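The next block holds one structure in the form of structure tokens; read it before the comments.
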Amino acid sequence: MNQTAETLLQAALALPPEDRANLAEHLLDSLAESDQAAIDAAWGEEADRRLRAFEQGNIKAIPGEEVMRSLSVRRKRGPG
């Protein structure tokens, strides 16, 4: 940990518990946001891959109504 981070840590530890919890939540959220960019990029690549596969005839489209019916049946059956 560099000197700036150490100084910030000591200052944060001196805060009241509620303020420390609020700070910790904000710091964790900032990490999740950086992960979100990678997640979004991965989904974008997956969407592109699926579109190419569809356009090349490697996969077929399923009508939305059919998908919804299938999901409804699965939900009624329950897990397993």
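The values are calculated or read from the model by the stated rules, or taken from the named source; none is laboratory data. Keep in mind the model is a prediction, meaning the values are calculated, not measured. Every residue, glycine among them, receives a Cβ derived from its backbone with ideal geometry; neighbour counts consider all protein chains shown.
Close Cβ contacts (under 7 Å, 6 or more residues apart or on different chains) running from residues in the stretch 31-55 that are of a type in the set (F, W, Y) to residues that are surrounded by 10 or more Cβ atoms within 10 Å (Cβ to Cβ) and at pLDDT below 80 are absent.
Does A12 count as part of a helix (DSSP H, G or I), in contact with a helix residue (DSSP H, G or I) (Cβ under 6 Å, 6 or more places away or on another chain) and surrounded by 10 or more Cβ atoms within 10 Å (Cβ to Cβ)? It is true that A12 is part of a helix (DSSP H, G or I), in contact with a helix residue (DSSP H, G or I) (Cβ under 6 Å, 6 or more places away or on another chain) and surrounded by 10 or more Cβ atoms within 10 Å (Cβ to Cβ).
Here A5 does not fit the description of being in a helix (DSSP H, G or I), surrounded by 10 or more Cβ atoms within 10 Å (Cβ to Cβ) and either aliphatic (A, V, I, L, M) or at positive phi (or both).
Give the stretch 46-65 a look and list any residue that's surrounded by 10 or more Cβ atoms within 10 Å (Cβ to Cβ) and assigned to a helix (DSSP H, G or I), or say none. Within the stretch 46-65, E46, A47, D48, R49, R50, L51, R52, A53, F54 qualify.
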